[in-house]
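Just below is one structure, and these are the notes that go with it.
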Amino acid sequence: MKRQNCPRTVYALCFAGIFLTELLIALFVRDDFIRPYGGDILVTVLICCFLRIFFPCGVRLLPLWVFLFAAAVEVGQAFDFVSLMGLGDIAFFRILLGSTFSWADLVCYAAGCALFGIAEKAVRRWMQNPQKNCGNRF
């Protein structure tokens, strides 16, 4: 498999791993740090990985677009958007879209998008010249 053809697979594996991690956090973690903050950071990375499966290149500012989407959902929580859409009585949508606004969530979304952008840039740079990065020191 050529290196150019594998990013979709890598993003799919990252998506699956992060999704499993999010699921485990949701089911088993009951703390005041990992669940509220770690989960919010990971959810934006999860969305970025999911989108990269379908758009492995060509959307250079993907982390920014994901952050803007997450911020829009968060701002929607401030205006009780779920209830405005008539979905407030359906638990699935209250969980999916959230029901309480938090500035900390916006900071976590920004951190997750920045983390994804920095990691993606570093990996792409490494893949452009893997021999130089691995180094034949002997």
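The values are calculated or read from the model by the stated rules, or taken from the named source; none is laboratory data. A quick note: this is a predicted structure, and the numbers were derived from the prediction, not measured. With ideal geometry, Cβ positions are generated from the backbone for all residues, glycine too; neighbour counts draw on all protein chains shown.
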Which members of the range 83-105 meet the condition of being over 22 Å from the mean Cα position of the chain (by Cα) and part of a helix (DSSP H, G or I)? SER83, LEU84, ALA91
Going through the range 52-66 in order, the residues found to be in a helix (DSSP H, G or I) and more than 12 Å from PHE116 (Cα to Cα) are ILE53, PHE54, TRP65
In contact (Cβ under 8 Å) with a residue 60 or more places away in the chain and within 20 Å of PRO36 (Cβ to Cβ) - does that describe any residue in the range 70-78? no
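From the list ALA111, ALA72, exactly one residue is in a helix (DSSP H, G or I), buried (at least 16 other Cβ atoms within 10 Å of the Cβ) and either modelled with pLDDT of 95 or more or hydroxyl-bearing (Ser, Thr, Tyr) (or both). Which is it? Please lay out each step first, then the result.
Numbers: ALA72 fails: buried (at least 16 other Cβ atoms within 10 Å of the Cβ).
ALA111 is the lone residue from the list that is in a helix (DSSP H, G or I), buried (at least 16 other Cβ atoms within 10 Å of the Cβ) and either modelled with pLDDT of 95 or more or hydroxyl-bearing (Ser, Thr, Tyr) (or both).
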Considering only residues that are part of a helix (DSSP H, G or I), of a type in the set (A, V, I, L, M) and closer than 17 Å to ILE95 by Cα, which ones fall in the range 6-45? LEU23, LEU24, ILE25, ALA26, LEU27, ILE41, LEU42, VAL43
